[in-house]
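The values are calculated or read from the model by the stated rules, or taken from the named source; none is laboratory data. Because the structure is predicted, anything quoted here is derived from the model rather than measured. With ideal geometry, Cβ positions are generated from the backbone for all residues, glycine too; neighbour counts draw on all protein chains shown. To get the accessible areas, we keep the full protein, side chains included, count just its heavy atoms, and leave off ligands, DNA and RNA. Shrake-Rupley method; radii C 1.70, N 1.55, O 1.52, S 1.80 Å.
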Amino acid sequence: MCVRDRPSWTFILILMLAAAPAAPAHADMLDSLLPPGVPGFDTQPGVTVQSRLHPELQPLGLHFGAFRFYPRLDESTGFDTNVLPGASHRGSWEVITAPSLVIGSDWSTDALGATLALTDTRYLALPSQSRTDGTASVGWRLDLGRNQFTLSAAHLSQHEDRGQVGTLASDEPVAFKADTIGATYTANDGRWTIEPGLRVTNWLYDNTTVLGVPTSQAYRDHVTAQGDVTLRYEWAPLRNILFVVHALGQDYTSIPAGQPSPDSTSVQILSGISDNADAVWHWRLLLGGETRGFTSPLYPRRNNLIAEAGLGWEPSGFTSIGVTLSRESTDAAQAGVSGLMLTTGRLTIDHEYFRNLLLRASLGLQQADFFGGGHQNGIVAGLGATWVMNRSIRLSATYDDTSLHGTNDPAQGLIGSYHRGIGLITVRLGL
């Protein structure tokens, strides 16, 4: 194996760009892997019935000096109809233990926060599939008058979820680690806001087996430097026009000899509008294009249409309905495939049946179109009910169903036809 030990000059140039993680399209979708509640990572938009619990039903936390600590333990048990990656439908009862701790400052200005979270999943009938995932993150926000500077860092040790399109049909979930650090600066001048920043992430993948054959995943190890500059103009209260320039460089550090490198640089330009002034309707729309070039001549340049849209409707104080759509380019897990276009859509309905009984239904669609040919699509549906017994105890029941289908798969090891259902009963204890 030949391992390259220096990044390209183009990659170094990308590292020097000032940027902020505001664009909807980015490699590896890091934001979806990180918990909210920490400055620099807590960027999820929208308020729903689920996220705005009544004050008397929220944990108070433990107050020590200038900080509050929110310890939590989720204990779940249920049945997974298809633990293995194929269509064999090998089911198993499972037990999930998920302790976490959120720490937040109690300051009048500035903010400092951190999270520690573990999720241990045990499959009783298939112990080889058991896994433990962990996340640690920290963020600091400095308020400078109307401006803000945010610095954040995180370490993840997790496994790929087979319910997503594009994942490998490995005998066990593929373990990976990610270390990330980022900085953003938000400058406000009347109705104008500009947000530059930078984020660098190092991804490392453990080896696995496919049909019992050892398979190295070192070809997926890479460093990404991403960033953008977001210009926002508030033409009316809570109504904004946005313009985003996003840059991303990827440097793969362990490419075997003779295999083309998927090193790439890309530039994205998006513009759009967001409207959160209406108490019943709120929406956002970003449209743009991406040009993505590869260092290897075997991978042609890609010019892609990218977009993100979101619509929220709250017909009453008891129901919230949200729709999100996105189209972005991302990396492929298969060797020799330079990437894919991922199109996703999701509908979520939250309803407060009683003051302490929350209902949720969701439906998601995924479509992966691989560079070079082949595609895969998936449908994810979910139902859930949460009984908030008091500040410290919640009981929930959930069922999630995943169905994947692929045709003309471009590489060995891609999960083709796959169906899985997971039903869980969860008790949450929090202070």
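If Y399 satisfies every condition in (1) open to solvent by less than 60 Å² (accessible area, probe 1.4 Å); (2) over 17 Å from T344 (Cα atoms); (3) at pLDDT 95 or above but one, which is the exception?
Looking at each condition in turn, Y399 falls short on (1).
In segment 220-227, is there at least one residue being assigned to a strand (DSSP E or B), free of Cβ contacts under 8 Å to residues at least 60 places away in the same chain, open to solvent by 20 Å² or more (accessible area, probe 1.4 Å) and not small (G, A, S)?
No, segment 220-227 contains no residue that is assigned to a strand (DSSP E or B), free of Cβ contacts under 8 Å to residues at least 60 places away in the same chain, open to solvent by 20 Å² or more (accessible area, probe 1.4 Å) and not small (G, A, S).
Looking at (1) in contact (Cβ under 8 Å) with a residue 24 or more places away in the chain; (2) in a strand (DSSP E or B); (3) more than 15 Å from the chain's Cα centre (by Cα); (4) more than 30 Å from F67 (Cα to Cα), find the lone condition where S170 falls short.
All conditions pass for S170, except number (2).
Can you say whether L298 is among the aliphatic types (A, V, I, L, M), on the phi < 0 side of the Ramachandran plot, open to solvent by 40 Å² or more (accessible area, probe 1.4 Å) and touching a residue at least 12 places away in the same chain (Cβ under 8 Å), as far as the supplied structure shows?
Yes: the conditions hold for L298.
How about segment 94-150: which of its residues are without any contact (Cβ under 8 Å) to a residue 12 or more places away in the chain and under 29 Å from Y205 (Cβ atoms)?
Matches in segment 94-150: P127, S130.
Quick check: is even one residue across segment 252-270 of a type outside the set (D, E, K, R), touching a helix residue (DSSP H, G or I) at 6+ places or on another chain (Cβ under 6 Å), within 29 Å of E195 (Cβ to Cβ) and touching a residue at least 24 places away in the same chain (Cβ under 8 Å)?
Yes, the conditions are met somewhere in segment 252-270.
Using beta carbons and a limit of 6 Å, which pairs, at least six apart or on different chains, have the first residue in segment 61-81 and within 30 Å of W140 (Cα to Cα) and the second one modelled with pLDDT of 95 or more and charged (D, E, K, R)?
D74/R428
Yes or no, residue by residue, for (1) of a type outside the set (S, T, N, Q); (2) touching a helix residue (DSSP H, G or I) at 6+ places or on another chain (Cβ under 9 Å); (3) part of a strand (DSSP E or B):
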position: E314; (1), (2), (3): yes, no, yes
position: T324; (1), (2), (3): no, no, yes
position: A335; (1), (2), (3): yes, yes, no
position: I349; (1), (2), (3): yes, no, yes
position: Y353; (1), (2), (3): yes, no, yes
position: S362; (1), (2), (3): no, no, yes
position: S396; (1), (2), (3): no, no, yes
position: T402; (1), (2), (3): no, no, yes
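Filter segment 129-150 down to the residues that are closer than 15 Å to P196 by Cβ and either touching a Gly at 6+ places or on another chain (Cβ under 6 Å) or surrounded by 18 or more Cβ atoms within 10 Å (Cβ to Cβ) (or both) and list them by number.
Q148, T150
Which of the residues that make up segment 173-188 are closer than 24 Å to D228 by Cβ, surrounded by fewer than 18 Cβ atoms within 10 Å (Cβ to Cβ) and within 15 Å of the chain's Cα centre (by Cα)?
Scanning segment 173-188 gives a single hit, D179.
Considering only residues of segment 317-360 that are charged (D, E, K, R) and over 17 Å from the mean Cα position of the chain (by Cα), which is least open to solvent (accessible area, probe 1.4 Å)?
D350
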